[in-house]
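Inspection log for the structure reproduced underneath, given as structure tokens.
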Amino acid sequence: MTYSGAVTVGGPADVHELPDLMISKVAVGPMDNNAYLLRCRATDEQLLIDAANEASTLLTLIGDDGIASVVTTHRHGDHWQALAEVVAATGARTYAGADDADGIPVPTDVPLRDGDTVRVGTVELTARHLVGHTPGSVALVYDDPHGHPHVFTGDCLFPGG
């Protein structure tokens with residue numbers, strides 16, 4: 001099946017299978033937030049981007065394999081409503097932009113600055129500080145060695161907006 005990226009709250013995840021990384025995207029919560037589960041195909045290690053809402057939906061997506069880490073793209077509440085529950089259930093390490101960490105009610109284990117790397121198994125993503133949305137907004141860039149880059153922006157970039 002071809003990846004479209006079109007997801008709806010309550011609907012199934014859309015999965016994009018790359019040679020080194022599997023990306024599962026779901027929509028959660030009343031603000032229709034996107035959350036992304038990245039799985040390294042070599043190690044099966046997983047990373048969640050934005051535990052935005054609906055912890056039960058996210059934990060079902062994560063499955064029994066658990067996650068190693070959660071990255072929160074920025075401090076707005078609609079991007080961390082499920083963070084405490086997901087971290088409590090999985091023991092995941094938390095990452096967020098250094099200048100937003102104090103605005104997220106779950107302690108940030110790893111504060112991110114522009115150019116820092118985040119690993120999921122053998123896959124490396126680069127944190128990029130985004131000016132303007134919140135003081136510490138970050139995007140994660142996966143520079144796919146087999147194709148084009150993939151950028152996870154939180155809601156610093158809206159489709160059609």
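The values are calculated or read from the model by the stated rules, or taken from the named source; none is laboratory data. What you are looking at is a predicted structure, and each value in this text was computed from that prediction instead of being measured. Glycine gets a Cβ as well: all are built from the backbone with ideal geometry, and neighbour counts include every protein chain shown. With ligands, DNA and RNA removed, areas are computed over all heavy atoms of the protein, side chains included. Shrake-Rupley method; radii C 1.70, N 1.55, O 1.52, S 1.80 Å.
Taking max minus min of the alpha-carbon positions on each principal axis, the chain gives extents of 40, 35, 32 Å, largest first.
Accessible area of the stretch 1-114 with a 1.4 Å probe: how many percent of it is carbon plus sulfur?
Using a 1.4 Å probe with all protein chains present, the stretch 1-114 comes out at 48 percent carbon and sulfur.
Per residue, the chain reaches -2500 deg cm²/dmol at 222 nm when only DSSP H runs of four or more residues are counted, each adding -39500 (n - 2.57). Computed packing ranks the peptides 135-147, 7-19 as 135-147, 7-19, most packed first, by mean other Cβ atoms within 10 Å. Taking every DSSP beta bridge that has both residues in the chain, what percent is antiparallel when rounded to the nearest 5? Once the DSSP bridges in the chain are tallied, antiparallel ones form about 75 percent. As a length-normalised measure over Cα pairs under 8 Å and 6 or more apart, the relative contact order of the chain settles at 15 percent. Electrostatic tally near residue 81: other residues with Cβ closer than 11 Å to its Cβ, Lys and Arg +1, Asp and Glu -1, net -4. Solvent exposure of the chain, expressed per residue, is 48 Å² of accessible area, with all protein chains present and a 1.4 angstrom probe. Per-residue packing, averaged as other Cβ atoms within 10 Å, sorts the ranges 90-102, 107-119, 22-34 into the order 90-102, 22-34, 107-119, beginning with the highest. Each other residue within a Cβ distance under 11 Å of residue 43 adds +1 if Lys or Arg and -1 if Asp or Glu, for a net charge of -1.
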